[in-house]
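Participant: Below is a structure I'd like to ask you about.
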């Protein structure tokens, strides 16, 4: 009985303190690697036309033709896709104390990737690009970067620094979903950032999801207008 | 605990080395066990799908 108690006590101490200590040490190193990556990452300019913009005219039924929704193609900045495990971004949330100084985001969401604290889902676009960029992070262990994510309210700003510059998103909506709710990572028109973490705290029973829309940054004017 | 230590065969330096190795193995095993338990039951990292 005493042995089992010590085992559980050790578990709690390990999860709260040991994993966090390792993550914080790791994060210091990853942050300098990310900063280095900013100067090395390949950046290109591509011609971007907002979805739905080409005028489609059906000769048999002109009534169903769609009108153009944007004027002219514009130049979008894109960066190369980082390799798995590469620290490539820093996320900052001014209204959350532990994220005011920033937390490094690595490419990938495997258990190994997420030991660093936050990971970008590789099947989704990078932050600052059109579509829905998804970043996941621990809620209670490994530095718990997303511990206070439930405190975000619509309008709060989220900054993601990448090789392109700082992309600023405004929180739109917060949801609680099942861990299997893959639809939260589906494509969205415009440029979105979706943050996911475990919910409630100290449980992986559900997911807390925060949707935020791009409002400023190197590509904001091109994508959002 | 003392009895367990004394039951290790060999002279005192050997007992100490064996005990240190045994403790290290125990700590490493505990670390991976705790990691697995944490990742499975407490906080999977927040990914979806």
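The values are calculated or read from the model by the stated rules, or taken from the named source; none is laboratory data. What you are looking at is a predicted structure, and each value in this text was computed from that prediction instead of being measured. In this analysis, Cβ positions are derived from the backbone assuming ideal geometry, glycine residues included, and neighbour counts consider all displayed protein chains.
Participant: Would you mention how many residues in the range A:159-184 are touching a helix residue (DSSP H, G or I) at 6+ places or on another chain (Cβ under 7 Å) and part of a loop (DSSP other than H, G, I, E, B)?
Facilitator: Residues in the range A:159-184 being touching a helix residue (DSSP H, G or I) at 6+ places or on another chain (Cβ under 7 Å) and part of a loop (DSSP other than H, G, I, E, B): 1 in total.
Participant: Does residue A:119 fit the bill of being on the phi > 0 side of the Ramachandran plot, within 15 Å of the chain's Cα centre (by Cα) and surrounded by 15 or more Cβ atoms within 10 Å (Cβ to Cβ)? First the steps, then the outcome.
Facilitator: Details: on the phi > 0 side of the Ramachandran plot: no; within 15 Å of the chain's Cα centre (by Cα): yes; surrounded by 15 or more Cβ atoms within 10 Å (Cβ to Cβ): yes.
Answer is no for this residue.
Participant: Now a separate question. Is it the case, given these coordinates, that residue A:127 is touching a residue at least 40 places away in the same chain (Cβ under 8 Å), buried (at least 17 other Cβ atoms within 10 Å of the Cβ) and under 11 Å from the mean Cα position of the chain (by Cα)? Write out each step before concluding.
Facilitator: Details: touching a residue at least 40 places away in the same chain (Cβ under 8 Å): yes; buried (at least 17 other Cβ atoms within 10 Å of the Cβ): yes; under 11 Å from the mean Cα position of the chain (by Cα): yes.
So residue A:127 fits the description; yes.
Participant: Condition first: modelled with pLDDT of 90 or more, on the phi < 0 side of the Ramachandran plot and under 15 Å from the mean Cα position of the chain (by Cα). Can you find one or more residues in the range B:2-16 that meet it?
Facilitator: Checking the range B:2-16: not a single residue is modelled with pLDDT of 90 or more, on the phi < 0 side of the Ramachandran plot and under 15 Å from the mean Cα position of the chain (by Cα).
Participant: Determine if the range A:64-84 includes at least one residue that is under 29 Å from residue B:38 (Cα atoms), surrounded by fewer than 18 Cβ atoms within 10 Å (Cβ to Cβ) and at the interface with another protein chain (Cβ under 10 Å from one of its Cβ atoms).
Facilitator: There is no residue in the range A:64-84 that is under 29 Å from residue B:38 (Cα atoms), surrounded by fewer than 18 Cβ atoms within 10 Å (Cβ to Cβ) and at the interface with another protein chain (Cβ under 10 Å from one of its Cβ atoms).
Participant: Out of (1) surrounded by 15 or more Cβ atoms within 10 Å (Cβ to Cβ); (2) free of Cβ contacts under 8 Å to residues at least 60 places away in the same chain; (3) more than 27 Å from residue A:78 (Cα to Cα); (4) within 11 Å of another protein chain (Cβ to nearest Cβ), what's the single condition that is false for residue A:174?
Facilitator: Evaluating residue A:174 over (1) surrounded by 15 or more Cβ atoms within 10 Å (Cβ to Cβ); (2) free of Cβ contacts under 8 Å to residues at least 60 places away in the same chain; (3) more than 27 Å from residue A:78 (Cα to Cα); (4) within 11 Å of another protein chain (Cβ to nearest Cβ) leaves (4) as the failure.
Participant: Right, residue A:215: within 22 Å of residue A:88 (Cβ to Cβ), in a strand (DSSP E or B) and away from every other protein chain (no Cβ under 14 Å) or not? Steps first, please.
Facilitator: Values: within 22 Å of residue A:88 (Cβ to Cβ): yes; in a strand (DSSP E or B): yes; away from every other protein chain (no Cβ under 14 Å): yes.
Criteria met by residue A:215.
Participant: Residue under question is residue A:156, and the condition is that it be out of contact with any helix residue (DSSP H, G or I) (no Cβ under 6 Å at 6 or more places or on another chain), at pLDDT below 95 and more than 11 Å from chain B (Cβ to nearest Cβ); does it hold? Reasoning before the result, please.
Facilitator: Working: out of contact with any helix residue (DSSP H, G or I) (no Cβ under 6 Å at 6 or more places or on another chain): yes; at pLDDT below 95: no; more than 11 Å from chain B (Cβ to nearest Cβ): yes.
Taking the combined requirement at face value, the residue does not satisfy it.
Participant: Return a yes/no flag: does the range A:97-109 have any residue that is under 19 Å from residue A:214 (Cα atoms), modelled with pLDDT under 95, outside any strand (DSSP E or B) and within 15 Å of the chain's Cα centre (by Cα).
Facilitator: Yes.
Participant: Only one of (1) in contact (Cβ under 8 Å) with a residue 24 or more places away in the chain; (2) more than 9 Å from chain B (Cβ to nearest Cβ) fails for residue A:134. Which number is that?
Facilitator: Here residue A:134 clears every test but (2).
Table: residues versus (1) in contact with a strand residue (DSSP E or B) (Cβ under 8 Å, 6 or more places away or on another chain); (2) farther than 20 Å from residue A:22 by Cα.
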position: B:1; (1), (2): no, yes
position: B:19; (1), (2): no, yes
position: B:33; (1), (2): no, no
position: B:36; (1), (2): no, no
position: B:40; (1), (2): no, no
position: B:47; (1), (2): yes, yes
